[in-house]
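Q: Mind having a look at this structure? Questions to follow.
Just so it is clear, none of the values below were taken in a lab; they were calculated from the coordinates. A quick note: this is a predicted structure, and the numbers were derived from the prediction, not measured. Backbone-built Cβ (ideal geometry, glycine too); neighbour counts: all protein chains shown.
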Amino acid sequence: MAGETVDFEAFYKRWYLRAIRFALEYIRDESEAENIVQEVFVNMFDRRKSLSKDINLTYYLFSSVKNRCINYLNNKLRQRSVSMSGDEADLADRLSLLALEDFDVTVTAREDLETRLNEALSVLPPRCRQIFSMSKIEGKKQTDIAGELGVSINTVESQMKIAYIKLREELKDLVK
């Protein structure tokens, strides 16, 4: 049991912030993203003894976070439709929901995914890769990136668009 707790603790420390960033990409509410990820980790901890030894915990984690984000967005959209308030946030939530539903987390090994991501990142121009990494890997805000690099917010935004287009093309077989 002590070994299981240590393993779970190491897994938690390694993946907690990444799972929050993943959830935050879709639900855009930091406290809700943290709640979702914490609920998933508590559930995993409670079920740790019943989980198969052969299970890919990373896959299980991100699938669970994805499904909870989908539930969150569906509930949010249902509440909005009752109050009849359609706006840009509603459209953004619908797009996030569609993106999450299409997101396929069936990559069998974390190493394969990391290798594929590194290969895809390597095709980006250096400045574009730097801006994308600062935003998505380091979790920095666009205004902070612009200030740190001495470029405009528009430059950061356009480089992020370029990165998304190129990465989407490079990783198209990982997304339905």
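Q: Could you check the spin-label model distance between Glu9 and Ile55? Points 7 Å from the Cα along Cα→Cβ, value in nm.
A: 2.2
Q: Beyond 26 Å between alpha-carbons counts as too far, so tell me which of Lys66/Lys172; Lys66/Lys166; Lys53/Lys140; Lys13/Lys136; Lys49/Lys172 fall in that bin.
A: On the way: Lys66/Lys172 19 Å; Lys66/Lys166 23 Å; Lys53/Lys140 36 Å; Lys13/Lys136 18 Å; Lys49/Lys172 36 Å.
Going by Cα-Cα distance, Lys53/Lys140; Lys49/Lys172 fall outside the 26 Å limit.
Q: What value does the stretch 111-174 have for Rg/Rh, both radii from Cα atoms and Rh as Kirkwood defines it? Show your work: numbers first, answer last.
A: On the way: Rg = 11.9 Å, Rh = 12.0 Å.
Rg divided by Rh gives 0.99.
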